[in-house]
Amino acid sequence: MDKAKPFDISKREVWEAFKRVKANHGAAGVDGQSIAEFEEDLSNNLYRLWNRLSSGSYVPPPVRRVDIPKADGKTRPLGIPTVSDRIAQMVVRRYLEPILEPVFHDDSYGYRPGRSAHQALVVARELSSEVVYAA
């Protein structure tokens, strides 16, 4: 590890994050670059990203907005980050998740791995029925 870098982020960690992002098959962001296009110069792209992350100079680019149709005919906005930004987010996620996950309450479901809003509703129904029966 280069001691001149203020953040201890390994190149291996950036590579592992890339593999996970690639497996998700996401769409191109605001820069129009697909995962396949990112891979055309993979070594340089990952090196530049690692360099920015580990030096603290990484600035996320804008997010592409796509309107997703809803069942009621309305739409909801969805933000699509660039490939490099998704990799950067994955690096941060892989670092923070093991530290923060044990701190969350067991009944916390928002944006947690392996948990969904549907599971939260099931638990809420179970807990509310226990309260009704206890009364």
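The values are calculated or read from the model by the stated rules, or taken from the named source; none is laboratory data. Everything numeric in this text was worked out from a predicted model, so none of it was measured. Please note: Cβ atoms are built from the backbone with ideal geometry, for glycine as well, and neighbour counts cover all protein chains shown. What goes into the accessible areas is simple: the full protein's heavy atoms, side chains included, and nothing from ligands, DNA or RNA. Shrake-Rupley method; radii C 1.70, N 1.55, O 1.52, S 1.80 Å.
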| query | Somewhere in the range 61-69, is a residue open to solvent by 80 Å² or more (accessible area, probe 1.4 Å) and in a helix (DSSP H, G or I)? | reply | no
| Qualifying residues in the range 90-126 (those that are of a type in the set (Lys, Arg) and open to solvent by 90 Å² or more (accessible area, probe 1.4 Å)) - the one nearest to residue 19 (Cα to Cα) | 93
| request: List every residue pair whose Cβ atoms lie under 8 Å apart, where the two residues are 6 or more positions apart in sequence or sit on different chains, the first residue falls within the range 101-112 and is farther than 21 Å from residue 127 by Cα, and the second residue, located anywhere, is surrounded by 12 or more Cβ atoms within 10 Å (Cβ to Cβ). | output: 101/112
| request: Among the residues of the range 15-52, write down those that are surrounded by 16 or more Cβ atoms within 10 Å (Cβ to Cβ), among the hydrophobic types (A, V, I, L, M, F, W, C) and assigned to a loop (DSSP other than H, G, I, E, B). | output: 28
